[in-house]
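Peer 1: First the structure, which I've put down as structure tokens, then a few questions once you've had a look.
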Amino acid sequence: MNARPVKRSLTLHGHRTSVSLEEPFWRAFRAIAKERDLPINVLAAEIDETRGTESGLASAIRVYVLDYTQKKFQAGA
């Protein structure tokens, strides 16, 4: 498994930004967006709005993916 981050562009609130995530996180992030029936940019904006100033967007996405996955696992889904 390649652990090197992959940079991709997202649009948040009408502005382009780049986010670097490892490929497994990109796959999980896209799967969550699809499951929630949201465009990936909308999900990224949602995460961006709640992350505060203590962490970067990439870190916030990783934590979101982990939390989402853990909640599904705990729920037995």
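Peer 1: Would you mind finding the one in 49, 23 that is out of contact with any helix residue (DSSP H, G or I) (no Cβ under 8 Å at 6 or more places or on another chain) and either free of Cβ contacts under 8 Å to residues at least 12 places away in the same chain or exposed (fewer than 12 other Cβ atoms within 10 Å of the Cβ) (or both)?
Peer 2: That would be 49, the only listed residue that is out of contact with any helix residue (DSSP H, G or I) (no Cβ under 8 Å at 6 or more places or on another chain) and either free of Cβ contacts under 8 Å to residues at least 12 places away in the same chain or exposed (fewer than 12 other Cβ atoms within 10 Å of the Cβ) (or both).
Peer 1: Related question: Evaluate the stretch 29-43: report whether one residue or more is polar (S, T, N, Q) and either touching a residue at least 60 places away in the same chain (Cβ under 8 Å) or within 21 Å of residue 3 (Cβ to Cβ) (or both).
Peer 2: For the stretch 29-43, residues polar (S, T, N, Q) and either touching a residue at least 60 places away in the same chain (Cβ under 8 Å) or within 21 Å of residue 3 (Cβ to Cβ) (or both): absent.
Peer 1: Filter the stretch 1-20 down to the residues that are loosely packed, with under 10 Cβ neighbours inside 10 Å and either small (Gly, Ala, Ser) or part of a helix (DSSP H, G or I) (or both) and list them by number.
Peer 2: Passing the criteria: 3, 9, 14.
Peer 1: Mind listing whichever residues of the stretch 52-77 are aromatic (Phe, Trp, Tyr) and surrounded by fewer than 12 Cβ atoms within 10 Å (Cβ to Cβ)?
Peer 2: 73
Peer 1: Are there any pairs, at least 6 apart or on different chains, whose C-beta atoms fall under 6 Å, with the first in the stretch 59-77 and within 21 Å of residue 40 (Cβ to Cβ) and the second aliphatic (A, V, I, L, M), and if so, which?
Peer 2: The qualifying pairs are 60/47; 61/47; 64/47; 65/28; 68/32.
Peer 1: Against the condition surrounded by fewer than 16 Cβ atoms within 10 Å (Cβ to Cβ) and on the phi > 0 side of the Ramachandran plot, how does residue 37 come out, does it pass?
Peer 2: yes
Peer 1: Of a type in the set (Ser, Thr, Tyr) and at pLDDT 95 or above: does that describe residue 55?
Peer 2: no
The values are calculated or read from the model by the stated rules, or taken from the named source; none is laboratory data. All figures in this text were calculated on a predicted structure; none of them were measured in a lab. Here the Cβ is made from the backbone with ideal geometry for all residues, glycine too, and neighbour counts use every protein chain on show.
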